[in-house]
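The structure appears below as structure tokens.
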């Protein structure tokens, strides 16, 4: 299956989407399945994973409703209050939903750069580990050292790094600190990485494949095709790229790879991590109580 592993939907309002600053003014309109479906078809993609864009439980319900009505949405990465002492009731509610594949918290927007190591947050991830679900890690490159400590605390959770951990992409210099830390992180085999979000991290006015290639080559060498997954980050990507342009860019980057390696990046990894592994674990293991 060919899958866009990272995209968003929303019905815009000016209270729920506080992250849409003037920089993201182009996002201040509705983006719904009817807008994405023809883009997936044009890119010869069979489905997508819808990822939360609001930190409310109602966001999870909203995405699930869209997924039920639109079969091409293969899974939902929702949001629940992982720091809440009552997180277990949310997990029990959603773990049985077929389209729920995981959860995410917008860690990089937290004022505390050590948020990912907070005891209450880690207690929530530990609770999550009892269910056949993933956790998507959304950070900037400066959070990588503490993220390595975080992933070592949760060897039983499938962890997915969004947007290759958002390095600083500049023409004049390569982000060596990011590269060193992403290689360390990739040594943890329960961690996979999304080949997404790169165009919006480019600090120059323009980007091209040559600018992104060293970052792609770094994560490819670190994770291998079997732990890399294509994602568009649509519609956020529209700041710098159309959906089609990003699909074409990734396909040009992976063109030298074998057919099976390309297939893994363009959907096989996402299908295994989000869908097939979840299905297998649901059949084999009922959630255990704490």
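Under the condition of being over 19 Å from the mean Cα position of the chain (by Cα) and farther than 14 Å from residue 75 by Cβ, the residues counted in segment 92-107 number 3. Considering (1) farther than 28 Å from residue 264 by Cβ; (2) within 19 Å of the chain's Cα centre (by Cα), the lone condition that residue 16 does not fulfil carries the number (2). Does residue 234 qualify as being in contact with a strand residue (DSSP E or B) (Cβ under 8 Å, 6 or more places away or on another chain), surrounded by fewer than 20 Cβ atoms within 10 Å (Cβ to Cβ) and farther than 19 Å from residue 264 by Cα? No; evaluated as a whole, the condition is false for this residue. Taken over segment 122-141, the criterion of being within 17 Å of the chain's Cα centre (by Cα) and either free of Cβ contacts under 8 Å to residues at least 24 places away in the same chain or surrounded by fewer than 19 Cβ atoms within 10 Å (Cβ to Cβ) (or both) is satisfied by 140 alone. Sub-8 Å Cβ pairs linking a first residue in segment 33-44 that is within 15 Å of residue 71 (Cβ to Cβ) to a second residue that is part of a helix (DSSP H, G or I) and modelled with pLDDT of 95 or more, at least 6 apart or interchain, are 33/66; 33/69; 36/243, ordered by first then second residue. Of the residues making up segment 92-121, those that are part of a helix (DSSP H, G or I), touching a helix residue (DSSP H, G or I) at 6+ places or on another chain (Cβ under 7 Å), crowded, with 16+ Cβ neighbours inside 10 Å and touching a residue at least 24 places away in the same chain (Cβ under 8 Å) are 94, 107, 108, 116, 121. Being at pLDDT 95 or above, under 22 Å from residue 3 (Cα atoms) and either touching a helix residue (DSSP H, G or I) at 6+ places or on another chain (Cβ under 8 Å) or part of a strand (DSSP E or B) (or both) holds for only one residue in 192, 147, and it is 192. From the list 39, 45, 82, pick out the single residue that is in contact with a helix residue (DSSP H, G or I) (Cβ under 6 Å, 6 or more places away or on another chain) and either modelled with pLDDT under 95 or in a loop (DSSP other than H, G, I, E, B) (or both). Answer to the check: 82.
The values are calculated or read from the model by the stated rules, or taken from the named source; none is laboratory data. Every value quoted in this text rests on a predicted model; they were computed, and no experiment measured them. Neighbour counts are summed over all protein chains in view; Cβ atoms, including those assigned to glycine, are modelled from backbone coordinates with ideal geometry.
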